[in-house]
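Here the structure comes first, spelled out in structure tokens, and everything after it is commentary.
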Amino acid sequence: MKLKKLVTGFILVILTLTITGCTEEKMDEKKEEEVKSNCTIVECMKQIEATNTIEEINDIIGFESTTDAMIGSDPIWKFDSKNWITFKKYSDDDITIQATINKESIKDDKITLPSQSELQQLLNEGITYEGLVEKLGGEGNLSSKSQKSTSYTWVDKNGRRLGATINNESGKCTVASFS
């Protein structure tokens with residue numbers, strides 16, 4: 001009788017885990033999504049400078065970097081499976097801090113992206129970041145920093161993305177593209 005109750009209990013536990021989807025793999029995924037940081041990826045990018053050391057970035061973000069063979073050997077701070085910051089050092093004076101940000105988290109209903117021809121005209125006119133903010137209807141999300149340039153990303157309500165790189169010296173947009 002005890003064996004029958006034990007088997008029945010075991011079967012109920014297995015069915016519950018199967019129905020709710022609480023397998024060990026699912027629980028690991030949930031743990032991965034719960035990385036504790038001092039700031040959101042967007043806020044951390046605002047605080048990080050291209051001159052920061054890895055240790056300083058660790059302090060800003062609130063956890064240590066790792067490496068990910070799928071992405072490369074550069075230090076990476078994974079906030080979750082869709083958001084991370086990488087540190088790329090090409091030389092002592094050529095460092096790029098780059099964020100990969102889930103576009104769903106930065107969609108903005110107020111953003112109106114220009115057509116391809118309008119964008120080309122804006123580039124030809126030498127538009128600045130402030131000009132882009134005014135034209136698009138809102139601030140961009142900081143997506144990359146180096147000593148030479150700063151890149152921003154805007155995502156409209158339809159999930160269309162515009163990336164723009166601003167030259168730090170001239171203040172003008174040098175590259176812009178849709179994705």
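Residues in segment 66-102 that are buried (at least 17 other Cβ atoms within 10 Å of the Cβ) and not in a strand (DSSP E or B): Ile101 alone. Here Thr153 qualifies as within 19 Å of Thr40 (Cβ to Cβ) and surrounded by 13 or more Cβ atoms within 10 Å (Cβ to Cβ).
Ile54 - would you say it is farther than 28 Å from Ser177 by Cβ and β-branched (Val, Ile, Thr)? Give the derivation first.
Details: farther than 28 Å from Ser177 by Cβ: yes; β-branched (Val, Ile, Thr): yes.
The answer is yes for Ile54.
Scanning segment 115-130 for any residue that is more than 19 Å from the chain's Cα centre (by Cα), hydrophobic (A, V, I, L, M, F, W, C) and outside any helix (DSSP H, G or I) turns up at least one such residue. The test for being among the polar types (S, T, N, Q) and free of Cβ contacts under 8 Å to residues at least 40 places away in the same chain holds for Ser91.
Throughout, read-outs are computed from the coordinates displayed, never taken from laboratory work. All values reported here derive from a predicted model rather than from experimental measurement. As a convention, Cβ positions derive from the backbone with ideal geometry for all residues, glycine included, and neighbour counts pool all protein chains shown.
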